[in-house]
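Data first, discussion second: the structure below is written as structure tokens.
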Amino acid sequence: MRKLVLDFFFLTLLVLPLSVFAHGDEEHEHDEDEPAAESASQLESGIGWRVVRTVELGTSGKFVHLVLIDHSKYTDKTIYSAAINRLCNPNDEFCRIRFWSEERFIPEKASLTVEQNKQLRADYLVNKAGGIHHLQWSCSVNPDKNNCF
């Protein structure tokens, strides 16, 4: 029985690579959505958060990361810190991250509607040229009226 299992295992190891490359020379038609899905799967994520999309501010070459925070953990500030540390390099001249806890409010572009702005949980901005480095919280995350919107 053991020999049979080993033979099956080795046969699988030999056949599997062949089946993967069996259609290498054939042309395939794929849905146009496939590259977008592929790039979406390559976006950054971590425990309790993930980048939904990254959008350009006009044509400035500067980008905003639009991040979804797990709704059940949106008051845990360590999750925001983890995302900031992963997405922004200390040497970056510009880095902006906006956070939401409900994906339906995350915009398709950099500008926000009134409702999207109301649902924003935090806004992190570093702009060294302008001397700006701040993290602002919604009052639902940080009820300190001196540092919330």
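A few points about this structure:
- Any hit, segment 86-96, residues being free of Cβ contacts under 8 Å to residues at least 40 places away in the same chain and either in a helix (DSSP H, G or I) or under 18 Å from Tyr74 (Cα atoms) (or both): no
- Within segment 93-110, the set of residues being loosely packed, with under 12 Cβ neighbours inside 10 Å and more than 15 Å from the chain's Cα centre (by Cα) comprises Glu93 only.
- If you filter segment 70-92 down to residues that are surrounded by 15 or more Cβ atoms within 10 Å (Cβ to Cβ) and under 25 Å from Lys109 (Cβ atoms), you find that the one that is farthest from the chain's Cα centre (by Cα) is Tyr74.
- Failed item, numbered, when Cys139 is tested on (1) surrounded by fewer than 12 Cβ atoms within 10 Å (Cβ to Cβ); (2) hydrophobic (A, V, I, L, M, F, W, C); (3) at pLDDT 95 or above: (3)
- Checking Val114, Val67 one by one, the residue that is modelled with pLDDT of 95 or more, loosely packed, with under 10 Cβ neighbours inside 10 Å and aliphatic (A, V, I, L, M) is Val114 and no other.
- Scan of segment 88-111 for residues that are modelled with pLDDT of 95 or more and not charged (D, E, K, R), ordered by number: Cys88, Phe94, Cys95, Ile97, Phe99, Trp100, Ser101, Phe105, Ile106, Pro107
The values are calculated or read from the model by the stated rules, or taken from the named source; none is laboratory data. Here the structure is a predicted model, which is why all the values come from computation and not from measurement. Methodologically, a virtual Cβ is constructed for each residue, glycine included, from the backbone with ideal geometry; neighbour enumeration extends over all protein chains shown.
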